[in-house]
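Inspection log for the structure reproduced underneath, given as structure tokens.
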Ligand code: 5AD
Ligand code: SF4
């Protein structure tokens, strides 16, 4: 593998943007496990250059509206899982959501993301449909990403018709066995169903985003290498990946506690591995949109800037009303809980400018990969 390190150095020096896309699973695994700081700094810098070359060094904002924490699922890692009785549940009224969308538009955010726990009842589906209709009626140019979990093809279709542009559904891990460990086997959490959902979204011409949690218990470097290959083979347009973060009121949190898997060293490992995954994803996939997730900041105060510096180009400033933020904690130590939307806007913008990127004010920042994919499909 010494040979691989040498090749990486030579190709980075030659600014060969195609070199990393040719790496095989064994190479990716080796690289993820390789911890030479000097080499990694070179890779991070090259990933930043690759971002500049393919998608420009502009950060696009997706104002994040976490509009309800009601959820029918019980993912073993998540703080708002159905069985966590210590969470105070909430659902915003339509009016509140519309006023947050208006704020995003007035503040020149190119897009918003509507996120909530998972629900599949008719009331919920109609509610989302109505919101989409009303937002698009007032602000036709405001991009809308949905992050509302697994739904039927018909529901995805209805929401698309009402104006949803993109959909984010993380595969969480592309290793089916690991997926089974992370989710209860209650008939409600099925890996194949998730794959089918991603396929439906693609068929409906959504810009499709997926992603994984990084540094999960039981997860190996070769699983992450497979995740990268999964993103490529699935031809995804957007990526939202971040470190796994402990939450005490969850089955996985209990396991982590018991096995002392939440010490500072492990947390640092999860953070570093997340940056490595972002950098390799940028080098491997080139023109996709990649988010620097809030979870990065919960493990490192400069987490999101570091994400942008190694290839990410999307930020999701939280615009959820401050009163609800504490109730939407998928993981502990979620940053910005006491802030309001203007704080988040100013703080994030300072962070973007501090690393030499600019903000794509008023632009929707659609995935370039999506256009390239559609063009290829229509030729
Ligand atoms: N740590 C990190 N990410 C989490 N998510 C849920 N719980 C956690 C956690 N404990 C992520 C999942 C999900 C997204 C909405 O939040 O990847 O898809
Ligand atoms: Fe519900 Fe999503 Fe949390 Fe799973 S990760 S319990 S679907 S909110």
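The values are calculated or read from the model by the stated rules, or taken from the named source; none is laboratory data. All values reported here derive from a predicted model rather than from experimental measurement. Backbone-built Cβ (ideal geometry, glycine too); neighbour counts: all protein chains shown.
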For residue 222, all conditions in the list (1) at positive phi; (2) out of contact with any strand residue (DSSP E or B) (no Cβ under 9 Å at 6 or more places or on another chain) hold save one; what is the number of the exception?
(1)
Out of 155, 173, which single residue is within 16 Å of ligand 1 (Cβ to nearest atom) and either farther than 29 Å from residue 360 by Cβ or at pLDDT 95 or above (or both)?
173
If I ask for residues that are surrounded by 19 or more Cβ atoms within 10 Å (Cβ to Cβ) and within 15 Å of ligand 2 (Cβ to nearest atom), which ones from the stretch 40-72 would you list?
64, 65, 66, 67, 68, 69, 71
Could you please tell me which pairs satisfy a Cβ distance under 7 Å, a separation of 6+ or placement on different chains, a first residue in the stretch 157-177 that is on the phi > 0 side of the Ramachandran plot, and a second residue that is modelled with pLDDT of 95 or more and within 16 Å of ligand 2 (Cβ to nearest atom)?
172/179; 172/182; 172/212; 172/213
Among the residues of the stretch 343-359, write down those that are touching a residue at least 24 places away in the same chain (Cβ under 8 Å) and under 23 Å from residue 92 (Cα atoms).
344, 345
Can residue 60 be described as outside any helix (DSSP H, G or I), away from ligand 1 (no atom under 16 Å from the Cβ) and under 24 Å from the mean Cα position of the chain (by Cα)?
yes
Hits in the stretch 274-301 - residues which are assigned to a loop (DSSP other than H, G, I, E, B), more than 20 Å from residue 111 (Cα to Cα) and at pLDDT 95 or above:
286, 300
Please go through the stretch 149-174 and pick out each residue that is assigned to a loop (DSSP other than H, G, I, E, B) and farther than 20 Å from residue 71 by Cα.
162, 163, 164, 165, 173, 174
Run down 181, 199 and say which single residue is within 30 Å of residue 161 (Cα to Cα) and assigned to a helix (DSSP H, G or I).
199
Is there a residue in the stretch 252-265 that is surrounded by 24 or more Cβ atoms within 10 Å (Cβ to Cβ), within 12 Å of ligand 1 (Cβ to nearest atom), part of a helix (DSSP H, G or I) and on the phi < 0 side of the Ramachandran plot?
no
Can you tell me which residue within the stretch 90-127, out of those that are in contact (Cβ under 8 Å) with a residue 60 or more places away in the chain and over 17 Å from residue 165 (Cα atoms), is farthest from ligand 1 (Cβ to nearest atom)?
108
Quick one: which of 362, 356 is over 30 Å from residue 280 (Cβ atoms) and either surrounded by fewer than 20 Cβ atoms within 10 Å (Cβ to Cβ) or modelled with pLDDT under 95 (or both)?
362
When the residues of the stretch 227-251 are filtered to those that are in contact with a helix residue (DSSP H, G or I) (Cβ under 7 Å, 6 or more places away or on another chain) and assigned to a helix (DSSP H, G or I), which remaining residue is nearest to ligand 2 (Cβ to nearest atom)?
231
If you take the residues of the stretch 128-148 that are touching a helix residue (DSSP H, G or I) at 6+ places or on another chain (Cβ under 8 Å) and in contact (Cβ under 8 Å) with a residue 40 or more places away in the chain, which of them is nearest to residue 64 (Cα to Cα)?
142
In the stretch 309-330, anything buried (at least 22 other Cβ atoms within 10 Å of the Cβ), more than 30 Å from residue 52 (Cα to Cα) and touching a helix residue (DSSP H, G or I) at 6+ places or on another chain (Cβ under 8 Å) is listed as 320
When (1) touching a strand residue (DSSP E or B) at 6+ places or on another chain (Cβ under 8 Å); (2) within 14 Å of ligand 2 (Cβ to nearest atom); (3) part of a loop (DSSP other than H, G, I, E, B) are applied to residue 189, the one that fails is (1)
Being closer than 23 Å to residue 331 by Cβ, free of Cβ contacts under 8 Å to residues at least 60 places away in the same chain and touching a strand residue (DSSP E or B) at 6+ places or on another chain (Cβ under 9 Å): is that true of residue 215 here?
yes
What number of residues within the stretch 340-356 are in a loop (DSSP other than H, G, I, E, B) and out of contact with any helix residue (DSSP H, G or I) (no Cβ under 7 Å at 6 or more places or on another chain)?
1
Quick check on my filter: what residues within the stretch 64-89 are in contact with a strand residue (DSSP E or B) (Cβ under 9 Å, 6 or more places away or on another chain) and within 16 Å of ligand 1 (Cβ to nearest atom)?
64, 65, 66, 67, 68, 69, 70, 71, 75, 77
